[in-house]
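I have placed the structure first, in the form of structure tokens, so that the comments after it can refer back to it.
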Amino acid sequence: MRFTQDNLLWQYDSWYRALIAGLGDLRDFSRYWKLAQSGQLTGAAADGLASPRITITRRDGLILRGGR
């Protein structure tokens with residue numbers, strides 16, 4: 001999953017953990033997140049999750065966008 005790769009160095013920071021915890025309320029997020037973390041989320045399943053409509057703004061102002 002691109003988000004995980006792009007933010008590998010930040011995975012233990014409080015903003016990262018808070019974001020993942022907050023996203024856990026979304027339908028099916030936890031299931032897909034576990035698959036992505038284990039390396040099992042590939043191909044069409046991973047492509048189907050990427051959406052240019054997803055935009056997250058971090059507290060430091062950096063904008064994270066899903067999709068390609």
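The values are calculated or read from the model by the stated rules, or taken from the named source; none is laboratory data. Since this is a predicted model, take the numbers as computed values, not measurements. All Cβ positions, even for glycine, are placed from backbone atoms using ideal geometry, and neighbour counts span all protein chains on display.
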Helices (runs of 4 or more DSSP H) enclosed by the chain - at least 2 residues per element that are surrounded by 10 or more Cβ atoms within 10 Å (Cβ to Cβ) and modelled with pLDDT under 75: 43-49
Pairs, first farther than 18 Å from ARG58 by Cβ in region 20-41, second part of a loop (DSSP other than H, G, I, E, B), C-beta under 6 Å, six or more apart: SER30/GLY24; LEU35/LEU41; ALA36/MET1
